[in-house]
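To start, the structure itself, in structure tokens.
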Amino acid sequence: MSINRSLRREAGTVEENALRIDTNKAEQVIEALNTDLAATYVLYHQLRKHHWNVEGAEFEQLHDWFGDAAEDAEDNADDIAERVQALGGVPISGPSSLEERAPVEFEGEDVYDVRTSMEHDLEMYGDVIESVREHVSLAEDLGDYATGELLRDTLEDLEDDAHEIEHFLEDDTLVLEEATH
């Protein structure tokens, strides 16, 4: 049985778009968005890993938080990818492309204590925040205000999650360590 397949869009190419954003400008925005897409998916996978492996007295709260944060990252990645497509580009999607393009590095397969995991997450959030913030300005400087708005929304989610991690990492807790009397 033979199935006819034809390539519809080649990865890395940019076509004219119905949004009437100049192709040269769209290429620059797409490049930035694909970088943020890659970073967001690396963040997603790290958060999902922590969701699966969290243990301890705060298990339920942290398990839920990591799951929610991973879902936020996945939703943001989906919005970014759809914007790339709307601009006439092809969103990156393969694991090797995501790893290659991401300005952040996955912490690896090892499992760390929850504090170390969250410190790694906070560092990654900071790097992704810086990248997205830079790309808000780029998009708007190129006249793509809708992408700027989409990235602002993404930035707000990232900053909220990073701020919540800061709270989790504070040293004040109701969980008792070993009593030292």
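Annotations
- Every residue from segment 113-125 that is open to solvent by 90 Å² or more (accessible area, probe 1.4 Å) and under 16 Å from the mean Cα position of the chain (by Cα): Glu123
- Among the residues making up segment 98-113, those that are acidic (Asp, Glu) and part of a helix (DSSP H, G or I) are Glu99, Glu100.
- Residue tally, condition out of contact with any His (no Cβ under 9 Å at 6 or more places or on another chain) and buried (at least 20 other Cβ atoms within 10 Å of the Cβ), over segment 29-48: 11
- Residue in segment 114-134 that is under 24 Å from Thr23 (Cβ atoms), part of a helix (DSSP H, G or I) and out of contact with any Pro (no Cβ under 9 Å at 6 or more places or on another chain) present: yes
- Residue in segment 22-41 that is within 19 Å of Gly88 (Cβ to Cβ) and part of a loop (DSSP other than H, G, I, E, B) present: yes
- A residue that is surrounded by 16 or more Cβ atoms within 10 Å (Cβ to Cβ), closer than 25 Å to Thr23 by Cα, in contact (Cβ under 8 Å) with a residue 60 or more places away in the chain and touching a Leu at 6+ places or on another chain (Cβ under 9 Å) occurs somewhere in segment 151-168.
- Residue list for segment 94-112, filter: open to solvent by less than 90 Å² (accessible area, probe 1.4 Å), of a type in the set (Asp, Glu) and farther than 11 Å from Leu43 by Cα: none
- Options Gly89, Gly143: the member that is part of a loop (DSSP other than H, G, I, E, B) and on the phi > 0 side of the Ramachandran plot: Gly143
- Tally, over segment 73-87, of residues that are surrounded by fewer than 20 Cβ atoms within 10 Å (Cβ to Cβ) and within 18 Å of Ala11 (Cα to Cα): 4
- Segment 85-105 residues that are more than 13 Å from Ala32 (Cβ to Cβ) and at pLDDT below 95, paired with ones that are open to solvent by less than 60 Å² (accessible area, probe 1.4 Å) and in a loop (DSSP other than H, G, I, E, B) (beta carbon under 8 Å, 6 or more apart): Leu98/Ile92
- Close pairs from segment 21-34: first modelled with pLDDT of 95 or more, partner in a helix (DSSP H, G or I) and hydroxyl-bearing (Ser, Thr, Tyr), Cβ under 6 Å, at least 6 apart: Val29/Thr147
- So Asp121, is it more than 20 Å from Tyr41 (Cβ to Cβ) and of a type in the set (Asp, Glu): no
- Candidate set from segment 55-72 (those that are under 17 Å from His167 (Cβ atoms) and either acidic (Asp, Glu) or not in a helix (DSSP H, G or I) (or both)); member that is most open to solvent (accessible area, probe 1.4 Å): Glu60
The values are calculated or read from the model by the stated rules, or taken from the named source; none is laboratory data. Fair warning: this is a prediction, and the values are worked out from it, not measured in the lab. Here Cβ is always computed from backbone atoms with ideal geometry, including for glycine, and neighbour counts include all displayed protein chains. Note: areas computed on protein heavy atoms with side chains; ligands, DNA, RNA excluded. Shrake-Rupley method; radii C 1.70, N 1.55, O 1.52, S 1.80 Å.
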